[in-house]
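Take a look at the structure below.
Quick note: the coordinates plus some simple rules give every number you see, no bench work behind them. Because the structure is a prediction, the values reported are computed rather than measured. Cβ placement follows ideal geometry from the backbone for every residue including glycine, while neighbour counts extend to all protein chains displayed.
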Amino acid sequence: MGKVYLVGAGPGELELLTLKAYRLIKSADVVLYDRLVNPEILLLAKPECQLIYVGKEEGKHTLEQEKINELLLHYAHTKEVVVRLKGGDPFVFGRGGEEALFLAEHGVEVEVVPGISSATGVPAYAGIPITFRGLSSSFAVITGHEDPKKERTSIDWESLKGINTLVFLMAVSNRKEIARRLIEVGRDPKEPVAFIERGTTREQRVVITDLYELANYPPEVNPPAVMVVGWVVKLKKYLTQVINKGASKVVSCVL
Ligand code: SAH
């Protein structure tokens with residue numbers, strides 16, 4: 001009987017992998033990976049390691065998740081080191097919790113290896129500090145793609161009024177509606193909004209708008225993107241960066 005490691009691959013750039021993730025990928029007998037995992041990371045696996053793609057498009061189906069759970073169980077019984085590799089952090093909207101629970105219920109040993117979540121890592125690379133003294137002392141990470149069946153966890157939009165910075169994941173297709181609801185609960189329509197597409201990669205692109213524009217004339221944005229709502233977005237223009245192999249260097253900060 002093997003062990004399953006639920007490993008966070010970070011937001012994109014290879015070097016944002018943790019040392020622990022690096023070591024485990026190198027020693028894995030099988031890696032089951034998601035859609036947003038950088039293919040360069042998979043090259044770290046040994047030649048005889050089996051690489052299995054189990055990615056799902058947004059708006060995932062339960063059946064697909066059940067299949068993934070069964071696959072994990074199968075490999076836990078047939079291989080030694082099973083790596084379940086997920087984009088960002090495995091416990092941030094990655095259904096890692098469900099997989100861990102399923103495996104634990106079936107008597108499989110599981111270890112979780114946290115990763116840098118796109119929720120914090122992507123804005124940071126794009127030059128947006130999600131907290132900033134005097135500007136933002138709180139942030140929340142929210143799904144922009146809520147399953148309408150999950151009544152108990154439905155978003156309390158009123159409560160989002162009092163949080164300084166809002167970070168939405170999986171929000172591209174609902175971006176207009178999100179802006180509308182935030183204005184409705186009383187957020188300032190002039191509040192800036194940034195979309196960071198393919199953050200930390202060479203293809204990173206940032207689109208900046210405000211809540212009013214977004215609610216009325218939404219700009220084109222392509223997934224995957226992190227959506228940041230808050231005055232901290234204004235800091236970006238003072239934090240100029242050089243985008244070089246997905247890396248960003250802060251060269252000046254004038255407030
Ligand atoms: N567990 C992941 C999130 C999974 S949900 C994490 O911690 O990062 C998938 C969403 O994450 C995408 O829809 C997008 O909103 C965001 N995302 C992940 N990687 C991204 C990247 N490189 N650039 C922009 N958004 C990203």
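Of the Cα atoms belonging to the chain, the radius of gyration and Dmax stand at 19.2, 57 Å.
In segment 117-190 the Cα-Cα distances spread across 10 Å bins starting at 0 as 17, 49, 31, 3 percent of all pairs. Listed values for segment 87-98 are Karplus-derived 3J(HN,Hα) couplings in whole Hz (6.51 cos²θ - 1.76 cosθ + 1.60, θ = phi - 60°), namely x, x, 9, x, 9, 10, 6, x, 6, x, x, 5, and x replaces Gly and Pro.
Given N residues in segment 1-148, what is Rg(Cα) / (2.2 N^0.38 Å)? Walk me through the numbers on the way to the answer.
On the way: Rg = 16.0 Å, N = 148, 2.2 N^0.38 = 14.7 Å.
The reported ratio for this selection is 1.09.
Each Cα pair under 8 Å and six or more residues apart adds its sequence gap; the mean of these over the residue count of the chain is a relative contact order of 20 percent.
When the Kirkwood hydrodynamic radius is evaluated over all pairs of different C-alpha atoms of segment 118-243, what value in angstrom, to one decimal, is obtained? Before the final figure, lay out the partial values.
On the way: mean 1/r = 0.0688 Å⁻¹.
Here the Kirkwood hydrodynamic radius works out to 14.5 Å.
Ellipsoid fit via the Cα gyration tensor, segment 1-82: semi-axes of 20, 18, 10 Å, each the root of five times an eigenvalue, largest first. Would you kindly state the longest site-free stretch of the chain, with sites defined as GluC sites (Glu not before Pro) in a DSSP loop (not H, G, I, E, B) surrounded by at most 12 other Cβ atoms within 10 Å? Between exposed loop sites, the widest span is 59-202.
What's the extension gain from residue 46 to residue 237 if we count 0.36 nm per residue and subtract their Cα-Cα distance?
Values: separation 191, 0.36 × 191 = 68.76 nm, distance 4.28 nm.
Gain on extension, residue 46 to residue 237, equals 64.5 nm.
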